[in-house]
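Structure record follows, encoded as C-alpha cells.
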Amino acid sequence: VVTDAGRYEVDAVVFATGVKPNVDLALRAGAKLGPTGAVAVNKYMEAGPPGVYVAGDAAEAVHKVTGEPAWIPLATYANKMGYVAGTNAALDKRAVEFPPIAGASVTKFGDLYVGAVGLTETEAARKGLSPTSYVIRSTDKARYMKETREIAVKAVIGGGRLLGMQIAGHSAIVGAYVDLAAQFVGEPAERLFYAEYSYMPFTAPPWHPFAVVGRLWLRNYHRPNGPPAP
Ligand SMILES: Cc1cc2nc3c(=O)[nH]c(=O)nc-3n(C[C@H](O)[C@H](O)[C@H](O)COP(=O)(O)OP(=O)(O)OC[C@H]3O[C@@H](n4cnc5c(N)ncnc54)[C@H](O)[C@@H]3O)c2cc1C
C-alpha cells in the first residue's frame, strides 16, 4: 500500500474511515438537523418546510428499541425511505409511514459472516435497560449431517423484551438469522420460544437457537433462583 505517509507491505487492507450524512442540500432547502447529525424527519419523511422530504443516508429514523432518533445509513432503509418519501410527495398526502428500525445488518470477513440487529449488551446497559445475555452455540443444520457449520448467537434481553442479537458463523445463513431476529426485536422474549421454526436435518437443527434462547429465558424467568443458564 502506498500512502503519502509511507509504503507498506500488507496481506489485507481494511478501510475503517467511517461515514457521515451529506446534509448540505437538505439544509439549503430549510431542513433541520437532529441529534445524530442527520436530518430530522417525521415518519412521513417530511423535513419541515412544506414539500421538502429527506430520505436515505441523509435522514434520521426512530430506533425500534430506544424510541430515540437513530442514524443507521444502510441501503435497505434508504430504499424504503425513498419509497415513503416519493409516494407521499407524488400523492401530496400522508399516504405511507416509515416505521422505527433496529439496524439489521450483516457483513463478512474472510469466511466469517457477522450480523447484528438491535442493541448490544453494552449499548443496552448504557441505556439503563439492565440486559441479560444468552450465548448459544448451534449449527446451521442437524449436528450429525455432513459439513455442518457452527453458528454463534448472542441474544440481549431486558425488561422481558428482546433488545438485540449478534450472530456469527461460517455460513450465509447468518444473514437469514439476522432478518428473523429483526422480527423479534422489541417483542416479548418468550416469543422466541413459542415462534414456529421449520426443521429438517438438511436445513436446520431441531432446536432453533432462538428457541433455545427463549427456553433459557423462560426457565430463568420462572425459576429465578434456579441453576444458571449454560
Ligand atoms: C463501501 C460501502 C458498502 C456498503 N454496503 C452496504 C451493504 O452491503 N448493505 C447495505 O444495506 N448498505 C450498504 N452500504 C450503505 C449504502 O450504500 C447506503 O446506505 C445507500 O447507498 C444510501 O442511499 P442514498 O440514496 O441515501 O445515498 P447515495 O446512494 O449516497 O446516493 C446519494 C446520491 O446523491 C448525489 N448527490 C449528493 N449531493 C447532491 C447534490 N447537491 N445534488 C445532486 N446530487 C447529489 C450523490 O452523488 C449520490 O449519487 C454501503 C456503503 C458503502 C460506502
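Derivation of every value follows stated rules applied to the coordinates shown; laboratory data play no part. Worth saying up front: this structure is predicted, and the values here are computed from it rather than measured. Backbone-built Cβ (ideal geometry, glycine too); neighbour counts: all protein chains shown.
Data overview
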item: Cα→Cβ-extended label distance, 7 Å offset, between residue 96 and residue 74, nm; result: 1.9
item: Cα-based Rg / Dmax (Å) for segment 105-222; result: 13.8, 44
item: Efficiency of FRET from Cβ geometry, residue 125 and residue 191, R₀ 30 Å, rounded to 0.05; result: 0.85
item: Of 43/80; 64/93; 108/154; 43/127, those spanning more than 19 Å from alpha-carbon to alpha-carbon; result: 64/93; 43/127
item: Gain upon complete extension [residue 3, residue 15; 0.36 nm per residue less C-alpha separation]; result: 3.0 nm
item: Calculated log₁₀ intensity ratio I(q)/I(0) where the Debye formula runs over C-alpha points of the chain, q = 0.08, 0.10 Å⁻¹; result: -0.40, -0.60
item: Per principal axis, descending, Cα span of segment 1-59 in whole Å; result: 54, 21, 18
item: Computed over segment 1-101, Cα set: Rg, Dmax in Å; result: 17.3, 57
item: Over segment 47-96: Kirkwood hydrodynamic radius from C-alpha pairwise inverse distances, Å; result: 11.5
item: Inter-label distance for residue 200 and residue 148, nm, one decimal - labels placed 7 Å from Cα along Cα-to-Cβ; result: 1.8
